[in-house]
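What follows is a set of notes on a single structure, which appears directly below.
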Amino acid sequence: MSPVLADLRSDTVTTPTPEMRDAMAGAAVGDDVYGEDPTVNALQAEVARQTGFEAGLFMPSGTMTNQVAIALHTRRGEEVICAEGSHIYEWELGMMATFSGVVPRFVPAPLGVPALEDVRLAIRRSVHQSPSGMISLENTHNKAGGTVIPLDVLAGIREVATQEGLPLHLDGARVYNAAAALGVPVAEITRHFDTVSVCLSKGLGAPVGSVLVGSQAAMARAHRYRKMMGGGMRQAGVLAAAALIALRDGPAQLAADHRRARVLAGALVDAGFAVNLEAVQTNIVYATLPGAAERVAGWAERGVLANALGHDSVRFVLHHQIGDEALDRAIAVLTA
């Protein structure tokens, strides 16, 4: 197999920068299960500050932060209203049912954006049906192509949630990508929610970790659920130190990732690939082609890695360790 020219499988594949490694080596640490790791505490406080919340809680993964949020907001037998294709259902292995005893109620979401009336109509109150426990949105929406929910839609769904007395959670795995695409501070997005899951190991480039943000009281309860899921990481400051650098430097790099995604999408279309260019809004490109797994295997032999996410679907994800030269090399392989 050829050396890897470009790894486009995900933005989770990035490796720590030299500055991150230095910070990890020198990090001040303590036992985070006791709340005594100063670097973790600094990270939690900074994510909370940037997103406009009282407190945050560092966890190993976005799956854990999402599932802890579901546990916070729901009771067994309830439904979680979410957009079709949501990560909390598609790629979190049935955990909402396993851990919290709840099930999803899907609403249509063209380009990852649910309509206000569809969200309202999904709410259940009848004694003959599972009651609605919460509403969850995903921004950007991974499976829809890294698409962004407009601010007016967020405000409208917030109003629905308030009127109906339901908590509103954001799976913000790539919420900084959404903010970069909209040209607004991230707090302009997150202010509409009761809790937000922020992933630091995707677009921002940290090696590990996500932070759940919310009220002080909610995060105190979340600490227990994190412990139940095995998320107490003790001297986790060695990870939080790298995440702080990602949080500081990562947002400024996202616009370049988005630009390169558009370049890649255009090159694929020119080569005859089926790509919905309307969905290419951030750092993700989906292409439809027959024999996806075989095509991906062939590209890997030539040094370009991508993800086959179905028999006819391939996902490419741009990140800060794919520069213009690496992208040019990748395009030459993909379009040969």
Query raised in the report: If you take the square roots of the eigenvalues of the alpha-carbon gyration tensor of segment 173-331 and sort them as a ≥ b ≥ c, do you get rounded (a/c under 1.5), prolate (a/b over b/c) or oblate?
Result: prolate
Report task. With only Lys, Arg, Asp and Glu charged, each at its Cβ (+1 for the first two, -1 for the last two), find how big the charge dipole of the chain is about the Cα centre; round to the nearest 20 debye. Result -> 540
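With +1 on the Cβ of every Lys and Arg and -1 on the Cβ of every Asp and Glu, and nothing else charged, how large is the dipole of segment 21-176 about its Cα centre, in debye rounded to the nearest 20?
Values: 11 positive and 19 negative charges, 88 e Å.
The dipole magnitude comes to about 420 debye.
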Query raised in the report: Which one of 321, 230, 148 is farthest out on the positive end of the charge dipole of the chain, using unit charges on Cβ (Lys, Arg +1; Asp, Glu -1) and the Cα centre as origin?
Result: 230
Report task. Quote the charge dipole size of segment 186-336 about the Cα centre in Debye, to the nearest 20; the model charges only the Cβ of Lys and Arg (+1) and of Asp and Glu (-1). Result -> 820
Query raised in the report: Using only helices, what value at 222 nm comes out for the chain when you add -39,500 (n - 2.57) per DSSP H run of length 4 or more and divide by the total residues, to the nearest 500 deg cm²/dmol?
Result: -12500 deg cm²/dmol
Report task. Name the residue farthest towards the positive end of the dipole of segment 171-267 from the options 182, 265, 209, assuming +1 on Cβ of Lys and Arg, -1 on Cβ of Asp and Glu, about the Cα centre. Result -> 209
Requested in this report: Express the accessible area of segment 258-297 per residue in Å², computed with a 1.4 Å probe while the remaining protein chains stay in the model.
Outcome: 45
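Calculate, for segment 59-206, the solvent-accessible area per residue in square angstrom, rolling a 1.4 angstrom probe over the heavy atoms of the protein chains.
Here the per-residue accessible area is 35 Å².
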Report task. Round to a whole angstrom and tell me the spacing of the C-alpha centers of segment 177-191 and segment 68-87. Result -> 23
Report task. Can you find, among 88, 52, 287, the residue farthest towards the positive end of the dipole of the chain? Put +1 on the C-beta of Lys and Arg, -1 on that of Asp and Glu. Result -> 88
Query raised in the report: Rounded if a/c is under 1.5, else prolate if a/b beats b/c, else oblate: with a ≥ b ≥ c from the C-alpha gyration tensor eigenvalues square-rooted, which is the chain?
Result: oblate
Query raised in the report: How much of the accessible area of the chain, probe 1.4 Å, is carbon plus sulfur, in whole percent?
Result: 54
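Regarding segment 78-192, what is the average projected area of its C-alpha convex hull, in nm²?
Projected area, direction-averaged: 6.7 nm².
The values are calculated or read from the model by the stated rules, or taken from the named source; none is laboratory data. Treat the numbers as computed from the prediction; the structure is a model and nothing was measured. Note that we place each Cβ from the backbone using ideal geometry, even for glycine, and neighbour counts take in every protein chain shown. With ligands, DNA and RNA removed, areas are computed over all heavy atoms of the protein, side chains included. Shrake-Rupley method; radii C 1.70, N 1.55, O 1.52, S 1.80 Å.
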